[in-house]
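J.: Sharing a structure below in structure tokens format, with a few things to ask.
The values are calculated or read from the model by the stated rules, or taken from the named source; none is laboratory data. Quantities reported herein were computed from a predicted structural model and do not represent experimental measurements. Glycine also receives a Cβ, built like all others from the backbone with ideal geometry; neighbour counts cover every protein chain displayed. These area figures cover heavy atoms from the full protein model, side chains too; ligands, DNA and RNA do not enter into them. Shrake-Rupley method; radii C 1.70, N 1.55, O 1.52, S 1.80 Å.
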Amino acid sequence: FSCRTNDQLVAFLSRYRGMNFLKSHGRDNARFIRKQGLDRLFLECDTHMWRLGDRRIPEGIAVDGGSDWFLLNRKFVEYVTFSTDDLVTKMKRFYSPAESFFHTVLENSPYCDSMVDNNLRITNWNRKLGCKCQYKHIVDWCGCSPNDFKPADFHRFQQTARPTFFARKFEAVVNQEIIGQLDYYLYGNYPSGTPGLRSYWENVYDEPDGVHTLSDVALTMYHAFSRLGLRRAETSFHAAGDNSCRYYPMGHPVSVHLYFLADRFQGFLIRHHATNLAVSKLETLETWVMPKKVFKIASPPSDFGRLQFSEIGTEWDAKERLFRNFGGLLGPTDEPVGMQKWGKGPNVTVTVIWVDPVNVIAATYDILIESSAEFTHYKPPLNLPLRPGVWTIKILHHWVQVAETKFLVTPLTFSNRQPIKQEEAMKYHSGPPKNAYMEQSFQGLNPILNIPISAARVDQAKRNAGLVGTQLEAWVDSLVGSVWSAVDICSTGPTACPVMQGCAQTAWSSLSPDPKSELGPVRPDGRLR
């Protein structure tokens, strides 16, 4: 992301024409080689980078490296691209990571005098958060990754100690406010009343992607969200004896967007087809669904005040400290993580209890919360499949409940993107083998915690496990409706429902105006807008 204007960049590069801007790691070559794994051999296979063994570093050259973000002049790029001399040929065979190739070739080439040890970038390194080996599932190596900028970091763009023209990382799903601040700093404010300035939409599915790219959990939930929207249209817009705002769902979703407002997740926007029952014509609608608030502090509140929030999800990002699975869409074979956010205070120990939909206590564990801790997270090793339904997480201090939160494990209406058959439904929807989530049973805690197991609820769960077709959809819809609400629905085109708003006229739809994101042809000053 540029943190200076295009004119400023052109003026700077014109002044230093012929130079190459790369940031070197420093003087300790041996440490750099070990840290980057340059003396190791890797092979990428099956979306994983496997470490195979050791390899020798070429002799007689100065090995260097650093950031893989750099600015190179035309002469050096042509040399690297077309030269057949020994240095370039051998280095191309030896290197693949860009962090080292260009640095090493430049420092050992006839162009070594053109190197400036500055890549003109600000990188938001936070080693405490960014070096947690969070990518071990992808590569047999522990690296570091920069954090996203947030508003508290804005002063760094105003520093003048060294020339900087670019900054990373920015991510609107983490924080869009900082992007708006920088845009205003460089180019001034938007006119008063400009729509969409605090909104952000991110597409996560589009029809051309193909339904095969969706998980069965996502497909199940997106269909349920669509039906929730159609019920909203019927109850909000429908008049007695008039079918003009009643619909029947048709086909798979057309598109799905994440929707954020003022850097808060507002839910999903599902574009979907439906047949209008009054005129028997196909219409394309968009439904906005929002998660209901499920975190509750105990009433009356205890004197324990450190807990600020708790959430359950998957794809926990320890670096940005959020769940990448926005909305927490979970199915029976997922492995959920429990997260708690803490305020400062004395060291304490809390007990966390996971309760399934029929009040089986699936897990319980203690967490020591140190005085400086801001977040804790833990994934209990639960036996799968998880029983579908609404789960409850209770957080206790000295065995007194201080808060609870809930999360949905949805039953699946699809298996391999096809309507689920009864045999598969029984397999996924009956809970874990022998009703045991762990080797240890926590049944003795039920009376102590006043969590009775109801035989009627257990019997109902057994009956639900065998549901398929419209009965299964009805079960899914009742569960989804208990933790999600359809906020609004709009039409993307012509509609027979006279009171339904057009999507382009709303403030929330993925089709609503968003001037800050509109790009045009390149202007004489190099700007796109």
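J.: What number of residues in segment 510-525 are closer than 22 Å to Pro191 by Cβ and of a type in the set (S, T, N, Q)?
T.: Here the count works out to 2.
J.: Select from segment 501-522 the residues that are aliphatic (A, V, I, L, M) and modelled with pLDDT under 95 and write down the one among them that is nearest to the chain's Cα centre (by Cα). Write out each step before concluding.
T.: Kept after step one, since they are aliphatic (A, V, I, L, M), are these residues of segment 501-522: 504, 507, 511, 519, 522.
Applying the additional criterion that residues be modelled with pLDDT under 95 yields 519, 522.
Details: Leu519: 25, Val522: 32 Å.
Among those residues, the one meeting the criterion is Leu519.
J.: Moving on to the next point. From the list Glu424, Glu439, which one is in contact with a Ser or Thr (Cβ under 7 Å, 6 or more places away or on another chain) and not aliphatic (A, V, I, L, M)? Walk me through it before giving the result.
T.: Values: Glu439 fails: in contact with a Ser or Thr (Cβ under 7 Å, 6 or more places away or on another chain).
Exactly one of Glu424, Glu439 is in contact with a Ser or Thr (Cβ under 7 Å, 6 or more places away or on another chain) and not aliphatic (A, V, I, L, M), namely Glu424.
Here's the yes/no breakdown for (1) within 14 Å of Pro385 (Cα to Cα); (2) at pLDDT 95 or above; (3) surrounded by 10 or more Cβ atoms within 10 Å (Cβ to Cβ):
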position: Lys434; (1), (2), (3): yes, no, no
position: Ile451; (1), (2), (3): no, no, yes
position: Gly466; (1), (2), (3): no, yes, yes
position: Gly469; (1), (2), (3): no, yes, yes
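J.: Which members of segment 258-293 meet the condition of being farther than 23 Å from Ala172 by Cβ, open to solvent by 10 Å² or more (accessible area, probe 1.4 Å) and in contact with a helix residue (DSSP H, G or I) (Cβ under 6 Å, 6 or more places away or on another chain)?
T.: Of everything in segment 258-293, just one residue is farther than 23 Å from Ala172 by Cβ, open to solvent by 10 Å² or more (accessible area, probe 1.4 Å) and in contact with a helix residue (DSSP H, G or I) (Cβ under 6 Å, 6 or more places away or on another chain), namely Lys292.
J.: Report yes if Asn276 is under 18 Å from Cys490 (Cβ atoms) and under 16 Å from the mean Cα position of the chain (by Cα), otherwise no.
T.: On the way: under 18 Å from Cys490 (Cβ atoms): yes; under 16 Å from the mean Cα position of the chain (by Cα): no.
So Asn276 fails the test.
J.: Among what's in segment 386-406 and is assigned to a loop (DSSP other than H, G, I, E, B) and either open to solvent by 20 Å² or more (accessible area, probe 1.4 Å) or of a type in the set (Asp, Glu) (or both), pick the residue that is nearest to Gly331 (Cα to Cα). Explain how you work it out, then say what you get.
T.: Step one: filter segment 386-406 for residues assigned to a loop (DSSP other than H, G, I, E, B), giving 386-388, 398-399.
Now narrow it down to the ones that are either open to solvent by 20 Å² or more (accessible area, probe 1.4 Å) or of a type in the set (Asp, Glu) (or both): 387, 398-399.
On the way: Arg387: 9, His398: 32, Trp399: 30 Å.
Among them, the one singled out is Arg387.
J.: Looking only at helices (runs of 4 or more DSSP H) that fall completely inside segment 410-518, which ones have 3 or more residues that are free of Cβ contacts under 8 Å to residues at least 12 places away in the same chain? It would help to see each step written out before you state the result.
T.: Values: elements: 422-429, 445-448, 455-465, 469-483.
Per the criteria, 455-465, 469-483.
J.: In addition: Please go through segment 206-223 and pick out each residue that is part of a helix (DSSP H, G or I), open to solvent by 20 Å² or more (accessible area, probe 1.4 Å) and hydroxyl-bearing (Ser, Thr, Tyr).
T.: Matches in segment 206-223: Thr213 only.
J.: Are there any pairs with C-beta distances below 9 angstrom linking a residue in segment 369-386 that is closer than 25 Å to Gln308 by Cβ and in the same structural domain as Met438 (by the TED database) to a residue that is polar (S, T, N, Q) and part of a loop (DSSP other than H, G, I, E, B), with the two at least 6 apart or on different chains, and if so which?
T.: Within 9 Å, the pairs are Ile369/Asn347; Glu370/Asn347; Ser371/Asn347; Ala373/Asn347; Lys379/Thr314.
J.: Only one of Ser255, Ser236, Ser226, Ser244 is open to solvent by 40 Å² or more (accessible area, probe 1.4 Å) and hydroxyl-bearing (Ser, Thr, Tyr). Can you tell me which?
T.: Details: Ser255 fails: open to solvent by 40 Å² or more (accessible area, probe 1.4 Å); Ser226 fails: open to solvent by 40 Å² or more (accessible area, probe 1.4 Å); Ser244 fails: open to solvent by 40 Å² or more (accessible area, probe 1.4 Å).
None of the others qualify; the one that does is Ser236.
J.: So, one more: When the residues of segment 179-205 are narrowed to those that are among the hydroxyl-bearing types (Ser, Thr, Tyr) and in a strand (DSSP E or B), which ends up surrounded by the fewest Cβ atoms within 10 Å (Cβ to Cβ)? Talk me through it step by step, then tell me what you get.
T.: Looking only at segment 179-205, we keep the residues that are among the hydroxyl-bearing types (Ser, Thr, Tyr), and these are 184-185, 187, 190, 192, 194, 199-200, 205.
Checking which are in a strand (DSSP E or B) leaves us with 199-200, 205.
Working: Ser199: 19, Tyr200: 22, Tyr205: 22.
Step by step, filter segment 179-205, then rank; the result is Ser199.
J.: If a residue has to be assigned to a strand (DSSP E or B) and closer than 16 Å to Phe407 by Cα to count, how many in segment 308-321 make the cut?
T.: Taking segment 308-321 and keeping what is assigned to a strand (DSSP E or B), we get 308-313, 316-317.
Then drop every residue that is not closer than 16 Å to Phe407 by Cα, which leaves 309-313, 316.
Total satisfying the criteria: 6.
J.: Taking segment 362-379, which residues are open to solvent by less than 10 Å² (accessible area, probe 1.4 Å) and under 21 Å from Leu449 (Cα atoms)? I'd like the intermediate steps shown before the answer.
T.: Step one: of segment 362-379, the residues open to solvent by less than 10 Å² (accessible area, probe 1.4 Å) are 362-363, 369.
Those that are open to solvent by less than 10 Å² (accessible area, probe 1.4 Å) and under 21 Å from Leu449 (Cα atoms): Ala362, Ala363.
J.: How many residues are touching a Gly at 6+ places or on another chain (Cβ under 8 Å) and either within 30 Å of Leu214 (Cβ to Cβ) or open to solvent by less than 10 Å² (accessible area, probe 1.4 Å) (or both) when one looks only at segment 307-342?
T.: Number of matching residues: 14.
J.: Here are some residues: Phe237, Phe260. Which one is under 19 Å from Arg198 (Cα atoms) and of a type outside the set (Val, Ile, Thr)?
T.: Values: Phe237 fails: under 19 Å from Arg198 (Cα atoms).
Result: Phe260 is the single residue among Phe237, Phe260 that is under 19 Å from Arg198 (Cα atoms) and of a type outside the set (Val, Ile, Thr).
J.: Could you list, in sequence order, the residues of segment 96-108 that are open to solvent by 50 Å² or more (accessible area, probe 1.4 Å), at pLDDT below 85 and closer than 15 Å to Ser24 by Cβ?
T.: Residue satisfying the conditions is Glu99 alone.
J.: With (1) surrounded by 18 or more Cβ atoms within 10 Å (Cβ to Cβ); (2) at pLDDT below 95; (3) not β-branched (Val, Ile, Thr) as the list, and Asn446 as the residue in question, which single condition is left unmet?
T.: Asn446 satisfies all of (1) surrounded by 18 or more Cβ atoms within 10 Å (Cβ to Cβ); (2) at pLDDT below 95; (3) not β-branched (Val, Ile, Thr) except (1).
J.: Related question: Got a number for residues in segment 151-178 being modelled with pLDDT of 90 or more, part of a loop (DSSP other than H, G, I, E, B) and aliphatic (A, V, I, L, M)?
T.: Residues that pass the stated criteria total 3.
J.: Based on this model, can you work out whether Ala461 counts as open to solvent by less than 70 Å² (accessible area, probe 1.4 Å) and either in the same structural domain as Ile179 (by the TED database) or more than 30 Å from Phe260 (Cα to Cα) (or both)?
T.: On the way: open to solvent by less than 70 Å² (accessible area, probe 1.4 Å): yes; either in the same structural domain as Ile179 (by the TED database) or more than 30 Å from Phe260 (Cα to Cα) (or both): yes.
Yes.
J.: Another question about this same structure. Which ones in segment 339-356 are modelled with pLDDT of 95 or more and either under 26 Å from Thr413 (Cα atoms) or in a loop (DSSP other than H, G, I, E, B) (or both)?
T.: Residues satisfying the conditions are Trp354, Val355, Asp356.
J.: May I pose another question? Pull out all pairs, ordered by first then second residue, where Cβ-Cβ is under 6 Å, the residues are six or more apart or on different chains, the first lies in segment 40-56 and is of a type outside the set (Phe, Trp, Tyr), and the second is open to solvent by 100 Å² or more (accessible area, probe 1.4 Å) and modelled with pLDDT of 70 or more.
T.: Matching pairs, first to second residue: Arg40/Arg51; Leu43/Trp50.
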